[in-house]
1. Find the accessible area per residue for segment A:180-284; the probe is 1.4 Å, ligands and nucleic acids are left out, and the unit is Å².
2. Dipole size in debye (nearest 20) for chain A around its Cα centre, Lys and Arg Cβ +1, Asp and Glu Cβ -1?
3. In segment B:193-312, what percent of the accessible surface is made up of carbon and sulfur (1.4 Å probe, ligands and nucleic acids excluded)?
4. Would you mind giving the mean number of other chain beta-carbons within 10 Å of the Cβ of each residue in B:253-261, as a whole number?
5. For chain B, what is Rg from Cα atoms divided by 2.2 N^0.38 Å, rounded to two decimals?
6. With 23 Å as the limit, write out which pairs from A:K127/B:K75; A:K26/A:K49; B:K194/B:K278; A:K127/B:K94; B:K11/B:K79; B:K75/B:K127 have Cα-Cα distances beyond it, or answer none.
7. Hey, if you put +1 on the Cβ of every Lys and Arg and -1 on every Asp and Glu Cβ in the protein assembly as shown, which of B:L254, B:I24, B:A182 ends up farthest toward the positive end of that dipole?
8. Going 7 Å from Cα along the Cα-Cβ axis for the label, what nanometre distances separate B:G25 from the same residue across the other copies?
2 protein chains.
Amino acid sequence: MRIGVDVGGTKIVAGLVDDSGTVIGKKRIPVVQKKGYSGIKKDIIALIKVILREGGVSEKTIEKIGIACAGQIEKGTQKILFSPNLRWRNAPLKRDIERYFNVRTFLENDVNAAVYGEWKFGLKETKKDVIGIFIGTGVGGGIITNGTLLHGFSNVGGEVGHIILNPYGYRCHCGNYGCFEAYCGGSYIVERVKNGIREGYRGRIREIAGGDLNSLHAGHIEEAYMLGDDLCGRIWREVIEYLGAGIASLVNLLNPEVVLLGGGVVYGTKYLVDEARKVMEERAMEASLKGLLVEKGRLGDDAAIIGAAFIE
Amino acid sequence: MRIGVDVGGTKIVAGLVDDSGTVIGKKRIPVVQKKGYSGIKKDIIALIKVILREGGVSEKTIEKIGIACAGQIEKGTQKILFSPNLRWRNAPLKRDIERYFNVRTFLENDVNAAVYGEWKFGLKETKKDVIGIFIGTGVGGGIITNGTLLHGFSNVGGEVGHIILNPYGYRCHCGNYGCFEAYCGGSYIVERVKNGIREGYRGRIREIAGGDLNSLHAGHIEEAYMLGDDLCGRIWREVIEYLGAGIASLVNLLNPEVVLLGGGVVYGTKYLVDEARKVMEERAMEASLKGLLVEKGRLGDDAAIIGAAFIE
């Protein structure tokens, strides 16, 4: 039995994961940022204890604790050097959890963990070259090449969201211009629609979002695009075009067997994957397209928990 | 002792390579395309024989023959599925050379071989994560991740020239728009300058090229840019900006320790690498820049011969 923990910017989810990669119990708590590292660490410990108690499992039978966390993780020590979501610097979460429970603990970047989970249990390790692209508020990802997760020199490899699709394009939160994330990340897309409305656009999008623009998401924008809304049509066609170009760029470079798409924007829209795939097929090289599969993730929100529980 | 052969679109170079990676004798012949595969194969065999005879080396002491060739190479069989330069399809060059000499023979993509050679003997295998970018008439490259050359699912991985830097940018020979190669490949740059001249531009570039635009190359264009030529200034600044953005895109994605730059455009210009590095440093993420080295290749034209002789 293993424990997987997904530490996000707003919530922490812990799950008890069996040897077949099935989550047999999970629990979530909100992140209270003002508690700082030491308070949140205590919350994580308490959460793991609840999971164990409710699952009727003793700490002694736990083989491993895996933690998925956004941010840059130091090679070797697995210290969280910087997590923008949590505003942590040099957080020794792996060491602290490992010492507290006296169980082998492993910390991995959250999107890498999700891609690893999808690879190991979604694809059952049958494919050796996989690119995972997770589109939520931002765009994250992971690269598996020849059956191994790419980490890079400083452990920050696999940042598919920050390939550049237009050096003079939209400003990205990373400080650069024209990143994949700035074109296709959910929060950026929603912001562009809201800007259009602020500038006076009066289409159906407000109605489609249920009258409340605070709850506007990619699914609404796609729906408005399908219904012929001008603003959403212009913005969503750009998303499709850049998503297709971004995948083509990665496919040309890395020649994967599977492009695995996941995240809220992918799971919350109906046609995006198929439309982006068409653009990608027009743009990628013939030799790289041969046998290429484009698939949606199969594990949903559990991917990071499951991946973290198993990655070594 | 090993043999390395570099089969290009216009010339074939064969070299005798000792165990330290030094080319101790080499010879080149032109490619006569009308001879077709079987004629050129015979030329390659004859060239290898000359190299052996002149080096005073017996076939029996040759450990391996390595062949570098542009194009797509089938996994396993190493058959040349398609070589655009040579117009070969399904050419069994590895099998034919191996049978003729009865020496273990290995065929690899030419730029992958060059990157491998630079990695093994230029960098002496001290770096485990390397991106090689070779800028000649086009842009080619190779990726070493965790000490292994990336091949991908269909053996066409590492095509750094066909990452997309602008989905609505210049047309690329691959059929797509806005590839790295279309912005930074030597033949594309020269063509843009020639187009400007055809359209009536009368600057100093013709004089700098020695009066003959047929011999125009990137070095001339950089020189004109330094001297304040308008047309070349506009075109060359774009090259610098897109080269910097292209490297930043690859660095963000793959987090290498070394970016290795080679090829005619790199070796034939004075400031390009330094100027592109500055752009890259402004665009890449801080975590990916830490400890990153940007270097020029050390083996020059011999990189592919040496790499081919050693790659397995």
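1. Result: 39 Å² of accessible area for each residue.
2. On the way: 41 positive and 37 negative charges, 243 e Å.
Result for chain A is approximately 1160 debye, rounded to the nearest 20.
3. About 45 percent, which is the carbon plus sulfur part of the accessible surface.
4. Averaged over the peptide's residues, the number is 5.
5. Relative to the rule-of-thumb radius for its length, chain B sits at 1.02.
6. B:K194/B:K278; A:K127/B:K94; B:K75/B:K127
7. Going by the Cα projections, it comes out as B:I24.
8. 7.6
The values are calculated or read from the model by the stated rules, or taken from the named source; none is laboratory data. Keep in mind that this is a model prediction, so the values were computed, not measured. Cβ sites come from the backbone with ideal geometry, for glycine too, and all protein chains shown count toward neighbours. Accessible surface areas use protein heavy atoms only, side chains included; no ligands, DNA or RNA. Shrake-Rupley method; radii C 1.70, N 1.55, O 1.52, S 1.80 Å.
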